[in-house]
Amino acid sequence: MHAILLFYLIDSFQKGGLGMDTPIATSIVAIYGALIYMSSVIGGFVSDRLLGAQQTVFLGGVLIALGKLYSSAPTPFCGSLRFYCHHCFRNRFSEAQYL
């Protein structure tokens, strides 16, 4: 998954990527990986200290179900939100390259 993200960040606009420089893209992927591992530590602390086992399992199931529903729903809102985010980042990086 990290390699796919890295290739997406590095590929040019013509190929469908964001066209970022390699050092910046690898830094973003490294920060993303670190945050993934740190989120499990923070989630474990919240689970043990605040919620308890049953509430944590229920809340995790609800969040997973909402994520799956969002990623598979063919609603206009979900599609337009993905389209907006993709083009927002694409335009921001393309403008930065030409300055």
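The table below lists the values:
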read-out	value
Residue within the stretch 30-38 that is among the small types (Gly, Ala, Ser) and surrounded by 11 or more Cβ atoms within 10 Å (Cβ to Cβ) present	yes
Every pair of residues 6+ apart whose Cβ atoms lie under 6 Å, when the first sits in the stretch 4-30 and is touching a residue at least 24 places away in the same chain (Cβ under 8 Å) while the second is assigned to a helix (DSSP H, G or I) and loosely packed, with under 13 Cβ neighbours inside 10 Å	GLY19/PHE13; VAL29/HIS2
Filter pass, LEU35 being within 16 Å of the chain's Cα centre (by Cα) and under 21 Å from LEU63 (Cα atoms)	yes
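Where a number appears in this text, it was derived from the coordinates with a stated rule and is not lab data. Keep in mind that what you see is a predicted model, and the values were worked out from it rather than measured. Every residue, glycine as well, gets a Cβ built from its backbone with ideal geometry; the counts of neighbours run over all protein chains shown.
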